[in-house]
Structure formats: structure tokens, C-alpha cells
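A.B. asks: Here you go, one structure.
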Amino acid sequence: MPLLTGTRVLAFENGLAGPLATRLLADLGADVVKVERPDGGDVTRSWDTVAAGLSSGFVWVNRGKRSVVLDVKDPASRPAIERLIERSDVFLQNYTPGWAERVGLAEEPVRALRPDVVYVDISGYGPDGPYAGKNAYDLVMQGEAGLIAVTGTPTEPARVGVSICDVGAASYAAVATLGALARRAETGQGARVSVSLFDTMVDWLGYFPHLWWHRRETPERTGMRHPLFCPYGPFPAADGRLFGFAVLSPDHWRALCLEVVERPDLLADERLATNEVRVEHRELLEPVLEEAFAARPAREWLDRLETARIPCGAVNEVSDVAEHPQLAHNGLVVEVDSPAGPIPVIGSPFLVDGERPPAGPVPALGEHTAEVLREIGL
């Protein structure tokens, strides 16, 4: 049985972060009722027509839900909204700052209808503070939270190529929601869960804040290299293919020198003796490795690295990933129903008791309005 069978999530959501959070809950078996606006529904529905005429963004984060069309500004919709709240375990919203208060769906009125509800809000900067009223989008947040400052080359910054801020916040929101549901099962007590894209991405900066706190240093952009490890990152091989590897321990360094590039003289160089000094002298080491790697194709280097037990892998195009043997073995690509007929999607990325949770269909706008209203007696 799916882990969240019997749990209803009422979602007033838009874009990516909120919808992905509830899709993760839907993957675990929750009944996610997605309330959409009458004038086109979720904004992602109109982003493109890539997925057999449907929006690729909408398909990605909204499968397995039931779509209900209600106008929150219309008093005639209020009885349905209130009954849905009374029958829901989780209430999630991620609209623009102040939206919940303007339409009467802030925590207090929602909790008055369902005292033990887990109330979840996802925002750009948090529920209060000097930036709380600002809208947040992935590109903007990558800049504000410092990701762009550490991504790209020394001469040209870059954004991370996927909507990492939305994905991170959605994942944290889903985890915190599950924690709140677990506590409610023990105590009967509801919770307020607030997740911001800003806080999530600052957490994802990882070790970089420590450079500032302890050394007053800001990390340099290092392209495909790592600012704290060397050698680390993709290198070109003789066939033009990139392959990546990470030297993360003294054993890795010794194996690279002796077994992979067959340069024992590198081990004797004091400028390369430890990871920290290799980072300081990367301009000395990396050209030596690049010259060595230019002698063989990528597959041969990957074989050598694997034999030496050094973490490594190919640098694949999306087309390579789509045909990846591990992808096929894992059964991650599944087919679901949709308004355009059966379409492929990436299934749930986790296994429960060795099984991948089933992926539900992609809903048409308002497809389940009548069904859900009948369930609540309207």
C-alpha cells in the first residue's frame, strides 16, 4: 500500500516549487486536489507544447493529481473551498506574497476550519522580513542566494541549467510536510511549515559560507573544476569526449599517478603532496593531466579509473541519458495517461520496499471538478 494512502493534500499552487512538492506527495500515495484558476489554470500549462501538445513543465510536476477549477475570488466558490479544507490533512500554497491573506486562505482561517491541518507555504524569501514581499523566480534566486557567483568560469558567470531553486525548495517542503504528518499521527497536533527558495539555496551553498566565516574568502568560479578539490572535474580525451573524475583522498591521488596516468614523479612533487596544495598549484597540475589524457579515448580512461577505484563517469548529453543502460534497467521512464493520450514521463525517483511508486495521469484543467465536488456533497 502507498505510504500516504488516505492523506488528502489541498494545493493552491502555481509554477514549479509548490507543484513539485505535492507531486512528490502524490507519488507516495496522497490524494492531491489541485485547485486551479478558471482563466487557464496553472501558469505552467501554457509554457510550451513540447509533450505531445502539452506543456513539458506542467507534465513534469503535476502528474498523479486531481484538477479542480474554482475561483477563490468568487463568493459562490467559498462553500466548496471550506469543505475541501475541512476534509484535507495538508493545505499548501505558493502564490505570490500576500495572496493567501487577500483571499482569506492564510493559516488562521484555514486552521479554524481544520485545527490539525499541516499548513505549508512556499515563498521566495520567507513569511516575513525585509524581502518577504518580493516575488522570486529561479534566475533571480540563483543570483540572490549566491549560486551564480560560484557557477561558471572566472570570466563569465552562469546559472545552473535546471530550475534548482524550485526543485530544492519543493524537496525540502515535501520532507518537512512528512515530518509534520508523522508528528500529527503521534500527537494530533497540526503544524505550520514554511520553506523559502532563498533559505534552501543558501543551505545548498554547503561549505562556501565557511570560507567566508573562517577565512574571509569568497570562492572563485572554476568552471568545470572544483574550488576545493584538485584534480576534479571533466577532462577532454583523445576522441574529443569529456570524462569526469574526482580525487578525494590520498589513496585516489596515489592510484591516479601510478595506475591511471602512470606518472610516479607527480607523487614526489611537494607542490602536489596534499589536496590543498594541489588546489593552490592547479595551474601546474592540470596541463600535465590534459596532455596525458590527450593520448587515449575517453572509454579507455574511464576503464583505468574504474579499475583504480576512483569515482568517474562520462559527461553525457541529454540524448545519451535518455538511452542510458542504467535508466533502462531502473525502469525510471514510465508511461502515463494524459489529455493528449499516453506519454512518457520520468517516474518517481525513489523506491519503497524495492518498488517504484506508480505514476498517476496528467490531469486536464478542471477534469475532476465534478468528481471532487460530489465527494464533498456539493
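A.B. asks: Can you tell me which of (1) surrounded by fewer than 14 Cβ atoms within 10 Å (Cβ to Cβ); (2) among the charged types (D, E, K, R); (3) assigned to a helix (DSSP H, G or I) is the one Glu262 doesn't meet?
C.D. replies: (3)
A.B. asks: Keeping to region 143-176, report how many residues are more than 16 Å from the chain's Cα centre (by Cα) and part of a loop (DSSP other than H, G, I, E, B). Talk me through it step by step, then tell me what you get.
C.D. replies: The first filter runs over region 143-176 and keeps only residues more than 16 Å from the chain's Cα centre (by Cα), leaving 143-144, 146, 148-158.
Add one more test, that the residue is part of a loop (DSSP other than H, G, I, E, B), and what stays is 146, 151, 153-156, 158.
Total satisfying the criteria: 7.
A.B. asks: Also: Are any of the residues in region 152-159 over 25 Å from Leu25 (Cα atoms) and basic (Lys, Arg)?
C.D. replies: Looking for residues that are over 25 Å from Leu25 (Cα atoms) and basic (Lys, Arg), one finds at least one in region 152-159, hence yes.
A.B. asks: Identify all residues within region 133-142 that are open to solvent by 40 Å² or more (accessible area, probe 1.4 Å) and either of a type outside the set (S, T, N, Q) or assigned to a helix (DSSP H, G or I) (or both); write none if there are none.
C.D. replies: Passing the criteria: Gly133, Lys134, Tyr137, Leu139, Val140.
A.B. asks: Scanning for something open to solvent by less than 90 Å² (accessible area, probe 1.4 Å), within 27 Å of Leu84 (Cβ to Cβ) and of a type outside the set (Asp, Glu), does region 149-169 turn up at least one residue?
C.D. replies: Looking for residues that are open to solvent by less than 90 Å² (accessible area, probe 1.4 Å), within 27 Å of Leu84 (Cβ to Cβ) and of a type outside the set (Asp, Glu), one finds at least one in region 149-169, hence yes.
A.B. asks: Hey, among Ala106, Ala112, which residue is at pLDDT 95 or above, of a type in the set (A, V, I, L, M), exposed (fewer than 14 other Cβ atoms within 10 Å of the Cβ) and within 25 Å of Gly188 (Cα to Cα)?
C.D. replies: Ala112
A.B. asks: Also: Name, by its number, the condition in (1) open to solvent by less than 50 Å² (accessible area, probe 1.4 Å); (2) hydrophobic (A, V, I, L, M, F, W, C); (3) under 30 Å from Phe91 (Cβ atoms); (4) touching a Phe, Trp or Tyr at 6+ places or on another chain (Cβ under 7 Å) that does not hold for Ala173.
C.D. replies: (4)
A.B. asks: Output the number of the condition that Ile122 fails; it satisfies all remaining conditions of (1) open to solvent by 50 Å² or more (accessible area, probe 1.4 Å); (2) closer than 24 Å to Val9 by Cα.
C.D. replies: Only one criterion is unmet by Ile122, namely (1).
A.B. asks: Looking at region 270-287, which of its residues are part of a helix (DSSP H, G or I), closer than 16 Å to Ala255 by Cα and of a type in the set (A, V, I, L, M, F, W, C)?
C.D. replies: Leu272, Leu285 - these are the residues of region 270-287 that are part of a helix (DSSP H, G or I), closer than 16 Å to Ala255 by Cα and of a type in the set (A, V, I, L, M, F, W, C).
A.B. asks: If I ask for residues that are acidic (Asp, Glu) and modelled with pLDDT under 95, which ones from region 339-372 would you list?
C.D. replies: Filtering region 339-372 for residues acidic (Asp, Glu) gives 353, 355, 367, 371.
Asp353, Glu355 - these are the residues of region 339-372 that are acidic (Asp, Glu) and modelled with pLDDT under 95.
A.B. asks: Next question. Select the strands (runs of 3 or more DSSP E) contained entirely in region 1-120, then report the ones holding at least 1 residues which are acidic (Asp, Glu).
C.D. replies: Per the criteria, 31-36.
A.B. asks: Here are some residues: Gly331, Gly360, Gly347. Which one is closer than 30 Å to Thr22 by Cα, open to solvent by less than 60 Å² (accessible area, probe 1.4 Å) and out of contact with any strand residue (DSSP E or B) (no Cβ under 8 Å at 6 or more places or on another chain)?
C.D. replies: Details: Gly360 fails: out of contact with any strand residue (DSSP E or B) (no Cβ under 8 Å at 6 or more places or on another chain); Gly347 fails: out of contact with any strand residue (DSSP E or B) (no Cβ under 8 Å at 6 or more places or on another chain).
None of the other options fit; the residue is Gly331.
A.B. asks: Mind checking whether some residue in region 300-309 is outside any helix (DSSP H, G or I), of a type in the set (Asp, Glu) and more than 17 Å from Val32 (Cβ to Cβ)?
C.D. replies: The answer is no; no qualifying residue exists.
A.B. asks: Which residues, counting only those in region 219-246, are touching a residue at least 12 places away in the same chain (Cβ under 8 Å), more than 25 Å from the chain's Cα centre (by Cα) and part of a loop (DSSP other than H, G, I, E, B)?
C.D. replies: Cys230, Pro231, Ala237, Ala238, Asp239, Arg241
A.B. asks: Quick one: in region 284-297, of everything that is within 34 Å of the chain's Cα centre (by Cα) and of a type outside the set (A, V, I, L, M), which residue is least open to solvent (accessible area, probe 1.4 Å)?
C.D. replies: Start the filter on region 284-297 by keeping residues that are within 34 Å of the chain's Cα centre (by Cα), which leaves 286, 289-290, 293, 297.
Subsequent filtering for residues that are of a type outside the set (A, V, I, L, M) retains 286, 290, 293, 297.
Details: Glu286: 22, Glu290: 77, Phe293: 0, Pro297: 46 Å².
Ranking the qualifying residues of region 284-297, first place goes to Phe293.
A.B. asks: OK, next. For the subset of region 18-75 comprising residues that are polar (S, T, N, Q) and surrounded by 17 or more Cβ atoms within 10 Å (Cβ to Cβ), which member is nearest to Ala176 (Cα to Cα)?
C.D. replies: The selected residue is Thr22.
A.B. asks: Any residue in region 123-131 that is under 23 Å from Asp71 (Cβ atoms) and free of Cβ contacts under 8 Å to residues at least 12 places away in the same chain?
C.D. replies: no
A.B. asks: Which of the residues that make up region 177-212 are out of contact with any Asp or Glu (no Cβ under 9 Å at 6 or more places or on another chain), open to solvent by less than 40 Å² (accessible area, probe 1.4 Å), hydrophobic (A, V, I, L, M, F, W, C) and under 25 Å from Gly143 (Cβ atoms)?
C.D. replies: Within region 177-212, Leu205, Phe208 meet the criteria.
A.B. asks: I've got another one for you. Keeping to region 185-204, report how many residues are over 14 Å from the mean Cα position of the chain (by Cα), hydroxyl-bearing (Ser, Thr, Tyr) and assigned to a strand (DSSP E or B).
C.D. replies: 1
The values are calculated or read from the model by the stated rules, or taken from the named source; none is laboratory data. In this text the structure is predicted, and so the values were computed from the model without any measurement. Positions of Cβ are backbone-derived with ideal geometry, glycine not excepted, and every protein chain shown enters the neighbour counts. Heads up: the accessible areas ignore ligands, DNA and RNA and are worked out on the full protein's heavy atoms, side chains in. Shrake-Rupley method; radii C 1.70, N 1.55, O 1.52, S 1.80 Å.
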